[in-house]
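Taken together, the values in this text are just the output of simple stated rules run on the coordinates, not laboratory data. Quick caveat, the model's predicted, so the values are computed rather than measured. No Cβ is skipped: glycine too gets one built from the backbone with ideal geometry, and neighbour counts run over all protein chains shown.
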Amino acid sequence: MPQPSPASAATPFYVPSLITRIVDGRVAAEGSGHQLPIVNPADESALTVLVEDDAAAVDEAVRSARAAFDTGPWPRLPLATKRRIMGQVRDTILAHAEELAYLDCLDTGIPLWDIRGRKMSRIADNFQFAMDIANTLSGETYQQNEQYLSLVTHSPVGVAAILAPWNSPMSLASMQIAPCIAFGNTCVIKPSEFTPLSVFRLVQLMHEAGLPPGVVNLVNGRGTVTGAALASHPGIDLVKFTGGTATGKRIMAAASGGLKKVGLELGGKSANIILEDANFDAALTGALLSIFSNNGQQCLAGSRILVQRPIADRFIAAFVERVKQIKVGDPLAPDTEIGPMAFREHYERVLSYVDIAREDGAQILVGGTRAPGFDKGYYFLPTAVLAPDNQARVCRDEIFAPFATFLIFDTEEEAITIANDSDFGLVGYVWTQDVTKAMGISQRINAGTILINTSMVREVRAPFGGFKQSGIGRDGLRGTVEFFTEPRTTTIPLGPVTMRPIGTGQAPS
Ligand code: NAD
């Protein structure tokens with residue numbers, strides 16, 4: 001694999017000066033594709049240039065994945081060999097963790113300490129974890145009557161298109177690539193056109209670790225050009241999309257022509273219900289973490305904070321005080337808690353929600369402006385607003401930013417109604433010291449994951465996905481088996497079988 005070239009002497013790791021596709025294990029030459037500048041959100045400097053892949057380039061990548069699946073060794077390798085290679089991928093990622101974390105930070109503006117400390121080990125472990133599932137995957141047998149035995153075995157599905165978002169590029173790409181290939185499929189991944197750097201390097205490293213060519217191919221470009229060509233390509237058997245709900249609908253339409261298997265991990269507007277008997281300090285820290293982690297750009301954010309009236313004033317005041325102390329700054333700095341928004345269009349959209357909040361009668365409690373002290377960069381002050389009711393757009397729309405919206409409720413019944421009055425259903429949070437109450441409420445919130453008395457925790461084996469417009473399908477142990485394998489039922493008689501003598505002139509008995 002060619003090595004990336006240095007972009008700046010000031011950076012501790014090489015930054016490729018050009019991002020192109022990786023097909024058959026080879027980084028493509030520059031070519032004539034449309035070029036998109038990739039910008040560092042911390043200072044708006046040019047990081048690199050992305051060469052967009054058009055339909056012909058996408059076709060080349062799909063053909064490579066197709067050949068690797070149809071005739072290549074990967075789907076047919078003994079599990080032990082695949083396991084060894086996946087182990088090498090994991091080790092290589094860990095050996096390059098500093099470099100990968102740095103590239104991800106440059107591209108996204110997520111604090112480096114967070115990527116390095118919280119995400120890198122998970123990204124590497126995704127490959128081990130997926131292989132563990134594949135390794136222990138067993139079939140089933142059925143015996144409806146004594147004459148027949150039916151066996152269910154699992155086969156890989158084929159070639160997957162994996163479309164990934166920008167808010168956590170490597171985590172979310174690896175979470176899908178790993179199970180996809182562990183079960184013997186091959187894929188073409190398209191990272192977000194805003195954050196291609198770390199996934200580009202990740203795919204390079206996977207090949208350096210020994211992954212055979214063609215198993216994981218990478219294309220780059222805008223969703224409407226490269227993504228659309230990939231999702232609708234006839235050589236693709238399944239599409240796994242992580243991103244916005246509106247895009248998910250387009251992907252489903254594009255994939256419907258070939259009746260491709262589609263998995264959608266979409267947006268959220270999750271309710272964080274804080275009851276009057278909650279552990280106040282824990283709920284406060286939990287509420288702050290649920291909305292402000294990952295620069296507030298996370299699908300499972302607790303972005304609608306519902307507080308019960310008797311504690312509402314005290315809780316909101318304490319929340320606002322803590323928000324004022326949050327350190328906004330350079331994502332490379334070790335004390336930064338919130339970095340810049342990932343790219344200009346997103347930053348401008350987030351700012352526009354401050355006006356939208358005011359128009360809808362919401363009160364700005366804290367923040368609501370560009371963070372002071374920065375000449376450049378997409379820095380937005382962590383913000384909290386108090387909404388007049390759940391119909392305000394700050395309660396309906398996923399803002400995907402450090403932007404918390406408060407609502408005050410009186411009864412549990414009202415809190416549940418508000419929580420469920422949403423197009424989304426990804427996560428629900430409940431804070432109370434009454435376990436019975438917590439369980440009762442949790443079972444009535446229409447969301448794929450409920451977290452009681454904690455901020456975000458992801459049990460990777462449990463199903464993760466959304467009710468309603470938050471998605472279709474689930475990640476996790478069973479979910480990945482269901483999505484990335486096809487069950488095959490094989491039935492065989494266990495002795496001589498009596499069959500109706502069709503076409504012999506004898507009457508059926
Ligand atoms: P997005 O929908 O804009 O883009 C996601 C990916 O799809 C990108 O690679 C993009 O280029 C591509 N794409 C865009 N239009 C396309 C089209 N017409 N055809 C094919 N591909 C297309 O999402 P985003 O802004 O990158 O990410 C933010 C969203 O992702 C938020 O809504 C967030 O909640 C969601 N998300 C969900 C999860 C989850 O697990 N549920 C995880 C992370 C992010």
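Numbers at a glance
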| quantity | calculated |
| --- | --- |
| Pairs where the first residue, in the stretch 365-383, is farther than 16 Å from residue 329 by Cβ and the second is small (Gly, Ala, Ser), C-beta under 8 Å, 6+ apart | 365/384; 366/384; 368/357; 383/367; 383/368; 383/401; 383/404 |
| Residue check, residue 300 in contact with a Ser or Thr (Cβ under 8 Å, 6 or more places away or on another chain), near the ligand (Cβ under 10 Å from one of its atoms), touching a residue at least 24 places away in the same chain (Cβ under 8 Å) and aliphatic (A, V, I, L, M) | yes |
| Test: residue in the stretch 245-268 that is more than 9 Å from the ligand (Cβ to nearest atom), surrounded by 24 or more Cβ atoms within 10 Å (Cβ to Cβ) and in a loop (DSSP other than H, G, I, E, B) | no |
| Residue match in the stretch 310-321 (condition: within 25 Å of the chain's Cα centre (by Cα) and either assigned to a helix (DSSP H, G or I) or of a type in the set (A, V, I, L, M, F, W, C) (or both)) | no |
